[in-house]
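Notes for the one structure printed next.
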Amino acid sequence: LYGLAVAVLLFMLGKVWYAKLNGQVPSLLGYQLYVVETGSMIPTLPIGSNILVRVLQPGDELKIGDVITFNHKTAAVTHRIVDLVTGEDGVLRYQTKGDNPENSLDPWLVSREDIRGVMVWSIALPNQSN
(Lines give C-alpha, C1' and ligand atoms only; values in the text may rest on other atoms or scores of the structure.)
Protein backbone atom coordinates (compact mmCIF):
# COMPACT_ATOMS: atom_id res chain seq x y z
CA LEU A 1 0.00 0.00 0.00
CA TYR A 2 2.87 2.36 0.85
CA GLY A 3 4.54 1.58 -2.48
CA LEU A 4 1.32 2.32 -4.35
CA ALA A 5 0.94 5.67 -2.58
CA VAL A 6 4.53 6.62 -3.45
CA ALA A 7 4.00 5.58 -7.08
CA VAL A 8 0.83 7.71 -7.35
CA LEU A 9 2.59 10.72 -5.81
CA LEU A 10 5.55 10.31 -8.18
CA PHE A 11 3.19 10.05 -11.14
CA MET A 12 1.38 13.25 -10.11
CA LEU A 13 4.70 15.05 -9.55
CA GLY A 14 5.88 13.93 -12.99
CA LYS A 15 2.67 15.18 -14.57
CA VAL A 16 3.06 18.60 -12.91
CA TRP A 17 6.74 18.78 -13.89
CA TYR A 18 5.97 17.84 -17.52
CA ALA A 19 3.23 20.48 -17.79
CA LYS A 20 5.50 23.18 -16.34
CA LEU A 21 8.31 22.29 -18.77
CA ASN A 22 5.88 22.70 -21.67
CA GLY A 23 4.55 26.07 -20.49
CA GLN A 24 1.18 24.66 -19.45
CA VAL A 25 -0.78 25.01 -16.22
CA PRO A 26 -0.59 21.72 -14.33
CA SER A 27 -3.92 19.96 -13.97
CA LEU A 28 -4.57 17.12 -11.56
CA LEU A 29 -7.78 15.13 -11.85
CA GLY A 30 -9.34 17.95 -13.87
CA TYR A 31 -8.52 20.76 -11.42
CA GLN A 32 -6.01 23.61 -11.50
CA LEU A 33 -4.75 25.79 -8.66
CA TYR A 34 -4.20 29.54 -9.07
CA VAL A 35 -3.18 32.44 -6.82
CA VAL A 36 -5.01 35.78 -7.16
CA GLU A 37 -2.42 38.46 -7.98
CA THR A 38 -4.53 41.62 -8.40
CA GLY A 39 -7.36 43.37 -6.62
CA SER A 40 -9.91 43.08 -9.41
CA MET A 41 -12.00 40.53 -7.49
CA ILE A 42 -11.92 42.22 -4.05
CA PRO A 43 -13.90 41.70 -1.79
CA THR A 44 -14.75 38.19 -3.07
CA LEU A 45 -11.12 37.16 -3.68
CA PRO A 46 -8.50 39.22 -1.84
CA ILE A 47 -4.98 39.40 -3.29
CA GLY A 48 -3.13 36.20 -2.38
CA SER A 49 -6.26 34.02 -2.33
CA ASN A 50 -5.82 30.47 -3.57
CA ILE A 51 -8.52 29.32 -5.95
CA LEU A 52 -9.31 25.86 -7.25
CA VAL A 53 -10.65 25.81 -10.82
CA ARG A 54 -12.42 22.85 -12.40
CA VAL A 55 -11.27 22.54 -16.01
CA LEU A 56 -14.10 23.31 -18.44
CA GLN A 57 -15.60 20.22 -20.05
CA PRO A 58 -17.40 20.16 -23.43
CA GLY A 59 -20.86 19.65 -21.89
CA ASP A 60 -20.50 22.31 -19.18
CA GLU A 61 -23.07 25.10 -19.34
CA LEU A 62 -21.87 28.46 -18.04
CA LYS A 63 -24.28 30.96 -16.51
CA ILE A 64 -24.37 34.50 -15.20
CA GLY A 65 -22.70 34.59 -11.79
CA ASP A 66 -20.09 31.90 -12.51
CA VAL A 67 -16.52 32.91 -11.66
CA ILE A 68 -14.29 31.75 -14.50
CA THR A 69 -10.57 31.75 -15.22
CA PHE A 70 -9.76 32.52 -18.83
CA ASN A 71 -6.89 33.41 -21.14
CA HIS A 72 -6.49 37.07 -21.99
CA LYS A 73 -3.40 37.94 -24.00
CA THR A 74 -0.56 36.38 -21.97
CA ALA A 75 -2.34 36.24 -18.61
CA ALA A 76 -4.89 34.12 -16.82
CA VAL A 77 -7.77 36.31 -15.60
CA THR A 78 -10.39 35.33 -13.03
CA HIS A 79 -13.61 37.35 -13.29
CA ARG A 80 -17.35 36.82 -12.96
CA ILE A 81 -19.71 36.26 -15.91
CA VAL A 82 -22.21 39.15 -15.88
CA ASP A 83 -23.89 38.64 -19.25
CA LEU A 84 -24.27 36.10 -22.06
CA VAL A 85 -23.86 37.71 -25.48
CA THR A 86 -24.81 36.01 -28.73
CA GLY A 87 -23.11 37.75 -31.64
CA GLU A 88 -24.39 38.26 -35.16
CA ASP A 89 -22.37 35.16 -36.06
CA GLY A 90 -24.54 33.12 -33.65
CA VAL A 91 -21.62 32.39 -31.32
CA LEU A 92 -22.20 32.73 -27.58
CA ARG A 93 -19.60 34.82 -25.74
CA TYR A 94 -19.33 35.93 -22.14
CA GLN A 95 -19.20 39.46 -20.74
CA THR A 96 -17.07 39.49 -17.59
CA LYS A 97 -16.25 41.88 -14.78
CA GLY A 98 -14.21 41.80 -11.62
CA ASP A 99 -16.17 42.03 -8.35
CA ASN A 100 -14.28 45.13 -7.19
CA PRO A 101 -16.86 47.97 -7.15
CA GLU A 102 -14.33 50.25 -8.87
CA ASN A 103 -14.20 47.95 -11.93
CA SER A 104 -16.16 48.51 -15.09
CA LEU A 105 -17.12 45.78 -17.53
CA ASP A 106 -14.17 44.12 -19.22
CA PRO A 107 -13.71 45.77 -22.65
CA TRP A 108 -13.67 42.36 -24.36
CA LEU A 109 -15.95 39.35 -24.64
CA VAL A 110 -14.62 35.93 -23.67
CA SER A 111 -14.96 33.02 -26.09
CA ARG A 112 -15.60 29.54 -24.72
CA GLU A 113 -12.30 28.27 -26.13
CA ASP A 114 -10.44 30.85 -24.00
CA ILE A 115 -12.00 29.64 -20.75
CA ARG A 116 -9.72 27.47 -18.61
CA GLY A 117 -12.36 26.58 -16.05
CA VAL A 118 -14.87 27.51 -13.37
CA MET A 119 -13.87 28.39 -9.81
CA VAL A 120 -15.17 25.81 -7.34
CA TRP A 121 -13.32 26.78 -4.16
CA SER A 122 -11.26 29.61 -2.70
CA ILE A 123 -9.40 30.42 0.48
CA ALA A 124 -7.80 33.68 1.55
CA LEU A 125 -4.71 33.09 3.63
CA PRO A 126 -4.12 35.25 6.73
CA ASN A 127 -2.29 38.53 6.10
CA GLN A 128 -2.73 38.18 2.33
CA SER A 129 -5.71 40.44 1.69
CA ASN A 130 -5.54 43.86 0.01
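The values are calculated or read from the model by the stated rules, or taken from the named source; none is laboratory data. For clarity, every value in this text was computed on a predicted model and none was experimentally measured. All Cβ positions, glycine included, derive from the backbone under ideal geometry; neighbour counts span all protein chains shown. Areas reflect the complete protein model, heavy atoms only, side chains present, ligands, DNA and RNA absent. Shrake-Rupley method; radii C 1.70, N 1.55, O 1.52, S 1.80 Å.
What to note about this one:
- Qualifying residue in segment 9-26 (condition: open to solvent by 30 Å² or more (accessible area, probe 1.4 Å), within 17 Å of Glu113 (Cα to Cα) and either small (Gly, Ala, Ser) or touching a residue at least 24 places away in the same chain (Cβ under 8 Å) (or both)): yes
- Scanning segment 76-123 for residues that are touching a residue at least 60 places away in the same chain (Cβ under 8 Å) and more than 21 Å from Val25 (Cβ to Cβ) turns up Asn100, Asn103.
Conditions (1) over 16 Å from the mean Cα position of the chain (by Cα); (2) modelled with pLDDT under 95; (3) aliphatic (A, V, I, L, M); (4) open to solvent by less than 60 Å² (accessible area, probe 1.4 Å), marked per residue:
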site	(1), (2), (3), (4)
Thr96	no, no, no, yes
Asn100	yes, no, no, yes
Glu113	no, no, no, no
Gly117	no, no, no, yes
Ile123	no, yes, yes, no
Ser129	yes, yes, no, no
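- Among (1) at pLDDT below 95; (2) open to solvent by 50 Å² or more (accessible area, probe 1.4 Å) - the single one Leu92 does not satisfy: (1)
- The single condition from (1) touching a residue at least 60 places away in the same chain (Cβ under 8 Å); (2) on the phi > 0 side of the Ramachandran plot that Leu29 fails is (1).
- Looking only at residues of segment 5-62 that are within 11 Å of the chain's Cα centre (by Cα) and among the polar types (S, T, N, Q), we find that the one that is nearest to Thr74 (Cα to Cα) is Gln32.
- Restricted to segment 27-49, and to residues there that are over 16 Å from Phe70 (Cβ atoms) and open to solvent by less than 30 Å² (accessible area, probe 1.4 Å), the residue that is modelled with the lowest pLDDT is Gly30.
- Counting only strands (runs of 3 or more DSSP E) that fall entirely inside segment 64-122 and contain at least 1 residues that are touching a helix residue (DSSP H, G or I) at 6+ places or on another chain (Cβ under 9 Å) and not hydroxyl-bearing (Ser, Thr, Tyr), the qualifying elements are 67-72, 92-97.
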